[in-house]
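The structure appears below as structure tokens.
The values are calculated or read from the model by the stated rules, or taken from the named source; none is laboratory data. Predicted model, so just to flag it, every value in this text is computed and none were measured. As a convention, Cβ positions derive from the backbone with ideal geometry for all residues, glycine included, and neighbour counts pool all protein chains shown. Just so you know, the surface numbers come from the protein's heavy atoms only, side chains and all, with ligands and any DNA or RNA stripped out. Shrake-Rupley method; radii C 1.70, N 1.55, O 1.52, S 1.80 Å.
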Amino acid sequence: FVPAEHHFVPGVALIVVGFSSAEAHAALLARPRRSLPPLFELTTELPYTALQGMLDEAAPWGIHAYNKALYLDELSDQAIDIVVERLPGKASPMSLLPIFSLGGAFADRDDEDTAFGGRRSSKYAFNMDAVAPDSETMAADREWVRSLWAALRPFAAGSGSYVNFMTDF
């Protein structure tokens, strides 16, 4: 999907998922398209199972990996500044920072109504992933994840996050 001239170049991807009409999606994307025109764009229907596995190849079998995560109630200017400042500090081109906008069915439930804990009022999940092919790069990016987590922690209501994003060693 990524044009050859953009392969192996650091970048930001905006993945928008929804169950509304094409018109509703176009309205949602109008502001980001105006503010920061994309280098390329792919718009397609996708089965939910394909969406769930979209980032699987980012962590192939045998790779070194470490992650931490936080729920944020707001995407404040200060939190954005921290991300912008620290994102270039990662050592591995495989390390990533997916930020999930929460709402819809996630927010329609009470905190106690699901099989896993967490505040349903949170609006964003930050998943800081160190992914590296060797232990030296892994050590650097593990520290990158920990530093980013610590810098974002004051903007979170607690230190927890979604159960699939929890590792600690």
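Only residues in region 129-148 that are of a type in the set (Val, Ile, Thr) count as the first member; pair them with residues that are open to solvent by less than 50 Å² (accessible area, probe 1.4 Å) and in a helix (DSSP H, G or I), Cβ under 7 angstrom, at least 6 apart or cross-chain, and list the lot.
Val131/Ala58
Against the condition over 24 Å from Gly103 (Cα atoms), open to solvent by 90 Å² or more (accessible area, probe 1.4 Å), part of a helix (DSSP H, G or I) and out of contact with any Gly (no Cβ under 9 Å at 6 or more places or on another chain), how does Glu23 come out, does it pass?
The answer is no for Glu23.
Do the conditions hold for Thr43, that is, is it among the β-branched types (Val, Ile, Thr), assigned to a helix (DSSP H, G or I) and either open to solvent by 70 Å² or more (accessible area, probe 1.4 Å) or under 25 Å from Met128 (Cβ atoms) (or both)?
no
Phe169 passes all but one of (1) among the hydrophobic types (A, V, I, L, M, F, W, C); (2) surrounded by fewer than 19 Cβ atoms within 10 Å (Cβ to Cβ); (3) over 18 Å from the mean Cα position of the chain (by Cα); (4) at pLDDT 95 or above; which number fails?
All conditions pass for Phe169, except number (4).
Go through (1) farther than 21 Å from Val83 by Cα; (2) open to solvent by 90 Å² or more (accessible area, probe 1.4 Å) for Pro10 and report which single condition fails.
(1)
Look at Pro93 and say whether it is under 16 Å from the mean Cα position of the chain (by Cα), in contact (Cβ under 8 Å) with a residue 24 or more places away in the chain, outside any helix (DSSP H, G or I) and exposed (fewer than 11 other Cβ atoms within 10 Å of the Cβ).
Judged against the criteria, Pro93 is not a match.
Please work out which residue is most open to solvent (accessible area, probe 1.4 Å), limiting yourself to region 118-161 and to residues that are polar (S, T, N, Q) and assigned to a helix (DSSP H, G or I).
Out of the qualifying residues, it is Ser135.
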